[in-house]
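A.B. asks: To start, I am sharing the structure in question, which I have written as structure tokens.
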Amino acid sequence: MQELQLQKANQQLLLKLSAVAVLMFGFGFALVPLYNLFCDITGLNGKTGQVSVTEARNTTIDMSRSITVRFVTTSQSELPWEFKPLADKITVHPGELGKVNFSIKNMADHAITAQAIPSLAPTKVSKYFNKTECFCFSQQTLQAGEEIIAPVHFIIDPAAPKDISQVILSYTFFKSTKG
Amino acid sequence: MSTATAHDTAHDHHGPPAGLSRWLFTTNHKDIGTLYLWFSFTMLLIGGAMAMVIRAELFQPGMQIVDPNFFNQMTTLHGLIMVFGAIMPAFVGLANWLIPMMIGAPDMALPRMNNWSFWILPFAGTLLLSTLFMEGGGPNFGWTFYAPLSTTYGPESTDFFIFAVHLLGMSSIMGAINIIATILNMRAPGMTLMKMPLFVWTWLITAFLLIAAMPVLAGAVTMMLADRHFGTSFFNAAGGGDPILFQHVFWFFGHPEVYIMILPAFGIISQIVPTFSRKKLFGYSSMVYATASIAFLSFIVWAHHMYTVGMPVAGELFFMYATILISVPTGVKVFNWVATMWRGALTFEVPMLWALAFIFLFTLGGFSGLMLGVTPADTQYHDTYFVVAHFHYVLVAGALFSIIAAVYYWLPKWTGHMYDQTLAKIHFWWSVISVNILFFPMHFLGLAGMPRRIPDYAIQFAEFNQLASIGGFAFGLSQLLFLYILIKTIRGGEKATDKVWEKPEGLEWTVASPAPYHTFATPPQVK
């Protein structure tokens, strides 16, 4: 009788603890959205934001100060793309729409799809740095030898920290397709 | 004080079946404990042989014996095998042997699952080792298998590594569930939680850590598998993923893992030190609470392994303070051991020697850990030999020494024979001197800037590397002496008394030596 009770208790504990293990397995995967959410909220990891064009137009421009934005471009080593900004830097007022063009050229003899990943330094500005248009919003497919001029329109929130006068926006293209 | 009634004789006729099937089908906690211990010793020797290859290559600058890719496979597999094959199974083996006897239970709570969780291990180990013989070689990205090294750039055999980790994880989780069920449900009447020996307490907490941490590791390798073959982009920036995320997931498992490998060691030392000090353990309840706080803190310090990834200052500060906070409960433990010895009638039998070496050397490893926990200092030491020195002090001179101490403490109880104490003392002094020659110079190498995981190095590092290699060969050799002592003791030797030592505490000393195949079929009454 006592033996049976013990067996039952053991089996119940086995089930409960297995459930904990399964939950923790799920938690491992839940770390992925949690991590992204955390980075979005805090602006860590250099993740920049996106706003609509109307929203950008309605922002009041803070003429009292200006911020210089510099551009850095990289193509991942196995991606034969020539990728450069058409201006090394531009200076904007917070709230003003900044526009810059990038030239992207596929040097390979076949079509390649790639994704640009943005990063902003210093990271504390990234949650104030929003774009209305960017080639990084979607994957880009370039035919063999094709060259495109891709625009980036951005706006820096006037609430951005006052001590910031320079930021660096970098893009890295990563190959998306195999081969 | 606890007493047990004599009851074992009635079951003596019910011994183990003969032959190989005894080991294959056994559900006996003592048999399974023995299997675990032999498995981990085999893995210790295999992982040790890999360390010998590493030290031989590093004996002098330049490329001598192996090519860099094979060197990387050696460092990777050495780490994986020592962590998952040697240290962890050894502690599970000790738990199997000792926990039922310490709490007065007839066996583990789930004996069939116990058999299964052991027998997964040889397959997992073989799967992992077989990668060395595959085209393209075995895993070569370090035991931490950071993405994208292990996803985009990993060799083909990485998939076998992933499944091996899955199996190892399943085995540990099942072992942990079994240990929790045994401790919570199978205690003898009167054995309240706060009367349990500390080895049982530390294992209970470790088992919870295992259940919480190992599934996250399984999740990490599953994501790797999906990234490699199913077109997902968890860790691939091109698809919107993030390689830094891998490090977060890995170390969310990895830091509790560190304590999984050291908490049972604390338990062992807390059993041995009082016996040879002839005093009760100082601060029993503070030991329990300290262990629990270390376990809790271990889940909120993981990013101190990643200070150099570009974290914001606020993050660095949080993880630094949380990390340094762990030194408080750890300090409580070291204080309690010293206070136990204070004005005790100390004798220096072999287990006590190992336990003392543990306290000295583990504390040393703890100090270098403190240095690494300080963010600005870590920026300097990150990925250098200083890190290698630190974790070998805590894992070799810490975890491994505690396992050896445990074997020398309980071996007479297991085999019924006292070992050759002169040989065992030679083993001790040989090991403790060579382990310091091996790992101490690595501190200097790291401070001077020698990076870890490289097969070649600048000429100014030559002397310290040679010294470390000589210590390494000596330390490796000394474990063969350990093997000889073990075999000699199992085959015969002076009869051990039931108590073995002068005044050991605990139920396991109330049964005969060697411990009968079945113990505590009728639970003892604990007062």
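The values are calculated or read from the model by the stated rules, or taken from the named source; none is laboratory data. These figures come from a predicted structure and were not determined experimentally. With ideal geometry, Cβ positions are generated from the backbone for all residues, glycine too; neighbour counts draw on all protein chains shown.
A.B. asks: Looking at the structure I just gave you, is B:Thr379 part of a helix (DSSP H, G or I), hydroxyl-bearing (Ser, Thr, Tyr) and over 20 Å from the mean Cα position of the chain (by Cα)? Full working, then the answer.
C.D. replies: Working: part of a helix (DSSP H, G or I): yes; hydroxyl-bearing (Ser, Thr, Tyr): yes; over 20 Å from the mean Cα position of the chain (by Cα): yes.
In short, yes.
A.B. asks: Out of contact with any Leu (no Cβ under 8 Å at 6 or more places or on another chain) and not aliphatic (A, V, I, L, M): which single residue out of B:Gly136, B:Gly142, B:Gly93 fits that description?
C.D. replies: Details: B:Gly142 fails: out of contact with any Leu (no Cβ under 8 Å at 6 or more places or on another chain); B:Gly93 fails: out of contact with any Leu (no Cβ under 8 Å at 6 or more places or on another chain).
Answer to the selection: B:Gly136.
A.B. asks: Going by what's in this entry, would B:Thr131 be described as over 17 Å from the mean Cα position of the chain (by Cα), within 30 Å of B:His248 (Cα to Cα) and not acidic (Asp, Glu)?
C.D. replies: For B:Thr131, the condition - over 17 Å from the mean Cα position of the chain (by Cα), within 30 Å of B:His248 (Cα to Cα) and not acidic (Asp, Glu) - is met.
A.B. asks: Kindly provide the set of residues from the stretch A:136-166 that are more than 14 Å from chain B (Cβ to nearest Cβ) and within 19 Å of the chain's Cα centre (by Cα), ordered by number.
C.D. replies: A:Ala150, A:Pro151, A:Val152, A:His153, A:Phe154, A:Ile155, A:Ile156, A:Asp157, A:Ala160
A.B. asks: Counting just the residues of the stretch B:151-199 that are in a helix (DSSP H, G or I) and hydroxyl-bearing (Ser, Thr, Tyr), which one comes out surrounded by the most Cβ atoms within 10 Å (Cβ to Cβ)?
C.D. replies: The residue in question is B:Thr182.
A.B. asks: Filter the stretch B:156-195 for residues that are acidic (Asp, Glu) and in contact with a Leu (Cβ under 8 Å, 6 or more places away or on another chain) and give the result.
C.D. replies: B:Asp159, the sole residue that qualifies.
A.B. asks: Output the residues belonging to the stretch B:292-314 that are among the hydrophobic types (A, V, I, L, M, F, W, C) and not in a helix (DSSP H, G or I).
C.D. replies: Of the residues in the stretch B:292-314, the ones among the hydrophobic types (A, V, I, L, M, F, W, C) are B:292, B:294-297, B:299-303, B:306, B:309, B:311, B:313-314.
Those that are among the hydrophobic types (A, V, I, L, M, F, W, C) and not in a helix (DSSP H, G or I): B:Val301, B:Met306, B:Met311.
A.B. asks: Let me ask something else. Counting only residues that are farther than 20 Å from B:Phe296 by Cβ and touching a Phe, Trp or Tyr at 6+ places or on another chain (Cβ under 6 Å), how many does the stretch B:329-345 have?
C.D. replies: Residues in the stretch B:329-345 being farther than 20 Å from B:Phe296 by Cβ and touching a Phe, Trp or Tyr at 6+ places or on another chain (Cβ under 6 Å): 2 in total.
A.B. asks: Return yes or no: is B:Tyr484 part of a loop (DSSP other than H, G, I, E, B), more than 28 Å from B:Pro100 (Cβ to Cβ) and touching a residue at least 40 places away in the same chain (Cβ under 8 Å)?
C.D. replies: No: the conditions fail for B:Tyr484.
A.B. asks: Report, by residue number, each residue of the stretch B:408-453 that is more than 28 Å from B:Val273 (Cβ to Cβ), in contact (Cβ under 8 Å) with a residue 60 or more places away in the chain and aliphatic (A, V, I, L, M).
C.D. replies: Passing the criteria: B:Leu445, B:Leu447, B:Met450.
A.B. asks: Also, quick follow-up: Looking only at residues that are over 16 Å from B:Gly506 (Cβ atoms) and outside any helix (DSSP H, G or I) in the stretch B:91-111, which one is nearest to the other protein chains (Cβ to nearest Cβ)?
C.D. replies: My answer is B:Ala109.
A.B. asks: Right, next: All but one of (1) touching a Ser or Thr at 6+ places or on another chain (Cβ under 6 Å); (2) closer than 23 Å to B:Ile205 by Cα; (3) surrounded by 24 or more Cβ atoms within 10 Å (Cβ to Cβ); (4) not polar (S, T, N, Q) hold for B:Gly138; state the number of the condition that does not hold.
C.D. replies: Among (1) touching a Ser or Thr at 6+ places or on another chain (Cβ under 6 Å); (2) closer than 23 Å to B:Ile205 by Cα; (3) surrounded by 24 or more Cβ atoms within 10 Å (Cβ to Cβ); (4) not polar (S, T, N, Q), the lone unmet condition for B:Gly138 is (2).
A.B. asks: Among the residues of the stretch B:306-328, is there at least one that is over 21 Å from the mean Cα position of the chain (by Cα), more than 17 Å from B:Asp378 (Cβ to Cβ), away from chain A (no Cβ under 14 Å) and touching a residue at least 40 places away in the same chain (Cβ under 8 Å)?
C.D. replies: Here is the first cut: in the stretch B:306-328, the residues over 21 Å from the mean Cα position of the chain (by Cα) are B:306-322, B:324-325, B:328.
Next, from what is left, pick out any that are more than 17 Å from B:Asp378 (Cβ to Cβ): B:328.
Filter again for away from chain A (no Cβ under 14 Å), leaving B:328.
Remaining after also requiring touching a residue at least 40 places away in the same chain (Cβ under 8 Å): none.
No, every residue in the stretch B:306-328 fails to be over 21 Å from the mean Cα position of the chain (by Cα), more than 17 Å from B:Asp378 (Cβ to Cβ), away from chain A (no Cβ under 14 Å) and touching a residue at least 40 places away in the same chain (Cβ under 8 Å).
A.B. asks: Can you confirm whether the stretch A:39-53 contains a residue that is of a type in the set (Ser, Thr, Tyr), touching an Asp or Glu at 6+ places or on another chain (Cβ under 8 Å), surrounded by 13 or more Cβ atoms within 10 Å (Cβ to Cβ) and more than 7 Å from chain B (Cβ to nearest Cβ)?
C.D. replies: no
A.B. asks: Suppose the filter is without any contact (Cβ under 8 Å) to a residue 40 or more places away in the chain and not in a loop (DSSP other than H, G, I, E, B); does A:Thr73 pass it?
C.D. replies: no
A.B. asks: Here's something else I'd like to know. For the structure I just gave you, tell me whether B:Ile177 is closer than 25 Å to B:Ile268 by Cα, at the interface with chain A (Cβ under 9 Å from one of its Cβ atoms) and of a type outside the set (Gly, Ala, Ser).
C.D. replies: Yes; evaluated as a whole, the condition is true for this residue.
A.B. asks: Can you tell which of B:Leu210, B:Leu225 is within 27 Å of A:Ser138 (Cα to Cα), part of a helix (DSSP H, G or I) and either of a type outside the set (Phe, Trp, Tyr) or within 8 Å of another protein chain (Cβ to nearest Cβ) (or both)?
C.D. replies: Values: B:Leu210 fails: within 27 Å of A:Ser138 (Cα to Cα).
None of the others qualify; the one that does is B:Leu225.
A.B. asks: Can you find, within the stretch A:54-72, the residue that is surrounded by the most Cβ atoms within 10 Å (Cβ to Cβ) among those that are in contact with a Leu (Cβ under 9 Å, 6 or more places away or on another chain) and more than 13 Å from A:Ile156 (Cβ to Cβ)?
C.D. replies: Here the answer is A:Phe71.
A.B. asks: Restricting the first residue to the stretch B:112-137 and requiring it to be more than 20 Å from B:Phe41 (Cβ to Cβ) and away from chain A (no Cβ under 14 Å), which pairs with a second residue that is surrounded by fewer than 20 Cβ atoms within 10 Å (Cβ to Cβ) and not small (Gly, Ala, Ser) meet a Cβ separation below 8 Å and a spacing of at least six or different chains?
C.D. replies: B:Ser130/B:Phe160; B:Thr131/B:Phe160; B:Met134/B:Glu156; B:Met134/B:Phe160; B:Glu135/B:Glu156; B:Gly136/B:Glu156; B:Gly137/B:Asn69; B:Gly137/B:Phe70
A.B. asks: Another question about this same structure. Restricting attention to the stretch B:454-464, report how many residues are buried (at least 17 other Cβ atoms within 10 Å of the Cβ) and without any contact (Cβ under 8 Å) to a residue 60 or more places away in the chain.
C.D. replies: 1
A.B. asks: Of all residues being in a helix (DSSP H, G or I) and over 22 Å from the mean Cα position of the chain (by Cα) in the stretch B:337-373, which is surrounded by the fewest Cβ atoms within 10 Å (Cβ to Cβ)? Just the residue, please.
C.D. replies: Looking at the filtered set, the residue picked out is B:Val338.
A.B. asks: Among the residues of the stretch B:228-240, which ones are under 22 Å from B:Phe163 (Cβ atoms) and assigned to a loop (DSSP other than H, G, I, E, B)?
C.D. replies: Listed by number, the residues that qualify are B:Phe230, B:Gly231, B:Thr232, B:Ser233, B:Phe234, B:Phe235, B:Asn236.
A.B. asks: Exactly one condition in (1) more than 21 Å from B:Ile403 (Cα to Cα); (2) in contact (Cβ under 8 Å) with a residue 24 or more places away in the chain; (3) within 14 Å of another protein chain (Cβ to nearest Cβ) is not met by B:Leu184; state its number.
C.D. replies: So the condition that B:Leu184 fails would be (2).
A.B. asks: Could you grab me the full set of residues in the stretch B:145-174 that are among the polar types (S, T, N, Q) and either more than 13 Å from every other protein chain (Cβ to nearest Cβ) or farther than 30 Å from A:Gln7 by Cβ (or both)?
C.D. replies: If the condition is that a residue be among the polar types (S, T, N, Q) and either more than 13 Å from every other protein chain (Cβ to nearest Cβ) or farther than 30 Å from A:Gln7 by Cβ (or both), then B:Ser150, B:Thr151, B:Thr152, B:Ser157, B:Thr158 are the ones that fit.
A.B. asks: Being within 17 Å of A:Thr68 (Cβ to Cβ), at pLDDT 85 or above and surrounded by fewer than 19 Cβ atoms within 10 Å (Cβ to Cβ): is that true of A:Asp163 here?
C.D. replies: When the stated conditions are applied, A:Asp163 passes them.
A.B. asks: Ok, one more. Give just the number: which of (1) part of a strand (DSSP E or B); (2) within 14 Å of chain B (Cβ to nearest Cβ); (3) hydrophobic (A, V, I, L, M, F, W, C) does A:Leu169 not satisfy?
C.D. replies: (2)
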